[in-house]
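Take a look at the structure below.
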Amino acid sequence: MAADDRRNGDSTNHNHRDPKKPRLSEFLTDSDIRSEFAHHQTGVARINNGSFGCCPSSVLDAQRDWQLRFLRQPDEFYFNGLRRGLLASRAVIGDLINADDVDEVSLVDNATTAAAIVLQRVGRCFSEGRYRKEDSVVMFNCAFQSVKKSIQAYVSRVGGSTVEVRLPFPVNSNEEIVSAFREGLERGRENGRTVRLAIIDHITSMPCVLLPVRELVKVCREEGVEEVFVDAAHAIGSVKVDVKEIGADYYVSNLHKWFFCPPSIAFFYCKKRGGGSESDVHHPVVSHEFGNGLAIESAWIGTRDYSSQLVVPSVMEFVKRFEGGIDGIMKRNHDEAVRMGLMLCSAWGTNLGSPPEMCVGMVMIGLPSKLCVESDEDAIKLRSYLRVHRSVEVPVYFLGLRDGEEGVKDRDGGLITAYVRISRQVYNETEDYERLRDAITELVKDQMTCQNLPPV
């Protein structure tokens, strides 16, 4: 592609104004942080950043500038602003994740879109006879439902098979996970099958565990897995991401969860390997840019609001206003999440779902057995009760034990069957977690169970 091809964001026409940037000062104070997130509903212990993320006011202002720029003069925006703005965002991300080439980085709506891109390609390989019937895709059982549905939609219906690896949980070490994954790959190769794709979470969602992703990718290479897709929906802004060190063929992470972008935006990394293999990777929404490379295909999927993908440079300016930048934010979120998790464990007499080194800004904490969480429906009921009656927003995970599994017991000797997943982000305060602690403690004290909770 020519260097001045506007599809890739370059333009010799500089007759435009970039969105205004906030005047930067010293590091943000507690008051500044409260102001940045003053649009959050008051009176709610918002400890579920992991589901939908957050976006500060200064970034929302930058987003509004991009939206108005389009509305004022759409043609100028399309021909001289959009592609260049998207390229600037891709360049920031490329540097952040240590990609070799900005063309390896595409912007998509979310991790679900990236999963569709990868699994549509796998499905085409089956339907065109490049893969044999019953060749396999291996993944953990806790993969996002959208990933499982994409396998059902694109792979299973054309002859592919799926192997789900049960994630050890509660988990005590990386070795437990690597061992379980090796066994899953062995099952994927049974009866002469080839493992065509391994899907690995960098940070699982429910339950939340930081996986040894580099080690798992290495195992895939040793075992002859054809391609590896890392679904890292929670990673960017939670842990360091170096795609060259990780070594996967595909890697996706949402930027609206832990990287302060407005919804919705994810980066999708597609490793350049030569031989034209990456030219067989396409955006699921086909536009006139089809065939020009995934980054360009993704940059135009019809008239829509691209502003969330254009504010990445503004987000970088925001995180620089914290001591240590994004690395400092990640460390403080991890340390505070673990500290709050241990406080809850002590109050309830339960456990962490994984050791601190396998946690991020999200931590799983066992709930007291006396709550009698006996099903997914009970977990939803408890979560709804906490939201409606106690103004606490936190996910609840039901742990279904298989026959023969002993499980973990709390200090009352009861079996722990459920966990809460707490998140910690820059806007959270200790009182948020104390509200959750007190709500659960009072339920136990009042002998309330999931079977007699008040209706919501």
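Annotations
- Take segment 80-198 with all the other protein chains still there, run a 1.4 Å probe, and you get 39 Å² of accessible area per residue.
- Across segment 156-164, coupling constants 3J(HN,Hα) worked out from phi with the 6.51/-1.76/1.60 Karplus curve, θ = phi - 60°, read 4, 6, 10, x, x, 10, 10, 10, 9 Hz, and Gly and Pro carry x.
- Whether segment 63-317 is rounded, prolate or oblate, judged on the alpha carbon gyration tensor where a/c under 1.5 counts as rounded: prolate
- When the Cα positions of LEU344, VAL444, SER150 are compared along the charge dipole of the chain, SER150 comes out farthest toward the positive end, with charges on each C-beta of Lys, Arg, Asp and Glu.
- Sorted peptide list for 376-388, 225-237, criterion being average Cβ within 10 angstrom, highest first: 225-237, 376-388
- When all alpha carbon pairs of segment 234-315 are counted in 5 Å bins from zero, the resulting P(r) reads 3, 13, 20, 22, 21, 15, 6, 0 %.
- Projected label points at GLU183 and GLU215, each 7 Å from Cα along the beta carbon direction, are separated by 1.6 nanometres.
- Gyration tensor (alpha-carbon) shape descriptor, segment 112-213, a/c threshold 1.5: oblate
- Rg over Rh, two decimals, the chain (C-alpha only, Kirkwood Rh): 0.98
- Segment 324-435, accessible area per residue, ligands and nucleic acids excluded (1.4 Å, Å²): 42 Å²
- Anisotropy class of segment 49-124 from Cα gyration tensor, a/c 1.5 cut: prolate
- Length gained on full extension, GLU76 to HIS288: 74.4 nm, using 0.36 nm per residue less the C-alpha separation.
- Separation of the ASP101 and LYS331 label points, Cα + 7 Å toward Cβ, nm: 3.6 nm
- Dipole of the chain, positive end: most advanced residue of LEU382, ASN174, GLN67 [Cβ charges, Cα centre]: GLN67
- By accessible area with a 1.4 Å probe, ligands and nucleic acids excluded, highest first: order of TYR78, TYR306: TYR78, TYR306
- With R₀ fixed at 35 Å, the C-beta to C-beta distance from LEU415 to ASP242 puts the FRET efficiency at about 0.30.
- As a rough guide to protection, the peptides 332-338, 309-315 ranked by mean Cβ packing within 10 Å, highest first, stand as 309-315, 332-338.
- Distance between the modelled labels on ARG387 and GLN451, one decimal in nanometres: 2.6 nm (7 Å Cα→Cβ projection).
- On the chain, 48 percent of the accessible area sits on carbon and sulfur atoms, based on a 1.4 Å probe.
- Theoretical FRET efficiency, 1/(1+(r/R0)^6), r = Cβ-Cβ of PHE322 and THR42, R0 22 Å, to 0.05: 0.40
The values are calculated or read from the model by the stated rules, or taken from the named source; none is laboratory data. Keep in mind that this is a model prediction, so the values were computed, not measured. A quick note on method: Cβ atoms are made from the backbone with ideal geometry, for glycine too, and the neighbour counts reach across all protein chains shown. Side chains included, ligands, DNA and RNA excluded: accessible areas come from the protein's heavy atoms. Shrake-Rupley method; radii C 1.70, N 1.55, O 1.52, S 1.80 Å.
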